[in-house]
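Structure first, commentary second.
The values are calculated or read from the model by the stated rules, or taken from the named source; none is laboratory data. A quick note: this is a predicted structure, and the numbers were derived from the prediction, not measured. Heads up, the Cβs are rebuilt from the backbone with ideal geometry, glycines too, and the neighbour counts pull from every protein chain shown. Remember, those area values only see protein heavy atoms, side chains included, never the ligands or the DNA or RNA. Shrake-Rupley method; radii C 1.70, N 1.55, O 1.52, S 1.80 Å.
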Amino acid sequence: MTQIISLDLTSWRPTFTPEAQRTGIRGLEGGGVLVLPHLAFDLMPSERRFLSAEWADGKAKNISLDGTRLKGARGAPEDLLALAAMVARFASNAADLVTALFPRYTPYVKRARTSFRPQPAVGRPLSWRKDDSRLHIDAFPSRPNHGERILRVFANVNPSQDRVWRVGENFAAMAQTFLPRIKRQLPGTPSLWSWLHVTKGMRSEYDHLMLGLHDQAKADLDYQKNCPQQIVRFAPGTTWLCFSDQVMHAAVSGQHMLEQTIHLPVRTLYDPASAPLAILERLCGRPLLRPG
């Protein structure tokens, strides 16, 4: 089963013992979820008005901050500036936390979009591929990442409601179940999709397999129901981290969450052999990335 590790931190720039740091590193890179139950992202009084789905424009799944550009939100210009400032403050806090917890990552932290999720976690009509209430790992059809890790920092900013996840079995066990079902890419298709701008760059065999694992797991309703799993509740004021390309997770309930995605090269990990790329290469018995 996926490990759930709790750390008693109260600051976004924490100081802690070497043993606590080792526990965090082993837990995170080993495919666990780090839970910080006493580290809250506190909203300013003027920001509490943003705890409403009415700020979402109804087109995008989430409100997101990409650099300085706020997307997926609606409201008066002055309100949107305040909303963007709130999301940007969380982005800064999340980066501070990651670099404090994992100093080796510091030179390589590459922040992607920061999202604010004011909508309920479940209830919207979605295709099965986009249905995040089904257990899955994160992999993106249009954005090949060639083994780069996807580290995510989450914060439940709901004042009264838990954020609830299902968390599944470890990555290697899941991969052994679904790898035999994934067909190899047809020769030439990565180049064609890149040329047609279906993907942003060439899709590697690693990316192909990760997408296959994502889709196969979501499509298998028997697996969704019967695989080893547990319910994890993140109380109001809780922050948590995981490598979402490795942790099988699914949204059960909750509303009002902030999330920061950080990309990291595999070589920057304390234990690169723990990464999905290394695990899949061991299971397949061959390299999954082209040299260079």
ask   = Taking interchain pairs and intrachain pairs at least six residues apart, which have beta carbon atoms under 6 angstrom, with the first residue in the range 115-137 and open to solvent by 60 Å² or more (accessible area, probe 1.4 Å) and the second of a type in the set (Lys, Arg)?
value = Trp128/Lys218
inquiry  = Conditions first: (1) small (Gly, Ala, Ser); (2) assigned to a helix (DSSP H, G or I); (3) at pLDDT 95 or above. Ser115 passes all but one, so which condition is the exception?
reply    = (2)
message = Go through the range 31-70 and report how many residues are surrounded by fewer than 19 Cβ atoms within 10 Å (Cβ to Cβ), modelled with pLDDT of 95 or more and within 28 Å of Arg149 (Cβ to Cβ).
response = 3
ask   = Which one of these does Ala173 not meet: (1) in a helix (DSSP H, G or I); (2) surrounded by 15 or more Cβ atoms within 10 Å (Cβ to Cβ); (3) among the small types (Gly, Ala, Ser)?
value = (2)
ask   = Filter the range 196-241 for residues that are free of Cβ contacts under 8 Å to residues at least 12 places away in the same chain and in a helix (DSSP H, G or I); which is nearest to Ala172 (Cα to Cα)?
value = Asn226
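Hey, among the residues in the range 275-292 that are hydrophobic (A, V, I, L, M, F, W, C) and in a loop (DSSP other than H, G, I, E, B), which one's nearest to Leu179 (Cα to Cα)? Before you say what the answer is, go through the steps one by one.
Residues of the range 275-292 that are hydrophobic (A, V, I, L, M, F, W, C), as a first pass: 275, 277-280, 283-284, 288-289.
Still in the running and in a loop (DSSP other than H, G, I, E, B): 275, 288-289.
On the way: Ala275: 16, Leu288: 13, Leu289: 17 Å.
Checking each candidate, the answer is Leu288.
Yes or no: Leu9 more than 19 Å from Gly237 (Cβ to Cβ), open to solvent by less than 20 Å² (accessible area, probe 1.4 Å) and in contact with a strand residue (DSSP E or B) (Cβ under 6 Å, 6 or more places away or on another chain)? Steps first, answer last, please.
On the way: more than 19 Å from Gly237 (Cβ to Cβ): no; open to solvent by less than 20 Å² (accessible area, probe 1.4 Å): yes; in contact with a strand residue (DSSP E or B) (Cβ under 6 Å, 6 or more places away or on another chain): yes.
No; evaluated as a whole, the condition is false for this residue.
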remark   = Flagged pairs (Cβ under 7 angstrom, 6 or more apart or on separate chains; first in the range 268-292, under 24 Å from Val98 (Cβ atoms); second polar (S, T, N, Q)) are Pro276/Gln246
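Given the structure, is Leu179 modelled with pLDDT of 95 or more and buried (at least 22 other Cβ atoms within 10 Å of the Cβ)? Give the derivation first.
Working: modelled with pLDDT of 95 or more: yes; buried (at least 22 other Cβ atoms within 10 Å of the Cβ): no.
Considered against the rule, which asks whether it is modelled with pLDDT of 95 or more and buried (at least 22 other Cβ atoms within 10 Å of the Cβ), Leu179 comes out as no.
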Which listed residue, of Val109, Val87, is more than 20 Å from Ser46 (Cα to Cα) and of a type outside the set (Asp, Glu) = Val109
query = Glu78 passes all but one of (1) closer than 23 Å to Arg113 by Cα; (2) in contact (Cβ under 8 Å) with a residue 12 or more places away in the chain; (3) open to solvent by 40 Å² or more (accessible area, probe 1.4 Å); (4) of a type in the set (Asp, Glu); which number fails?
reply = (2)
ask   = If a residue has to be aliphatic (A, V, I, L, M) and exposed (fewer than 15 other Cβ atoms within 10 Å of the Cβ) to count, how many in the range 99-114 make the cut?
value = 0
task = Scan the range 141-158 for residues that are touching a helix residue (DSSP H, G or I) at 6+ places or on another chain (Cβ under 8 Å) and part of a loop (DSSP other than H, G, I, E, B) and jot them down.
result = Pro141, Pro144, Asn145, His146, Gly147, Glu148
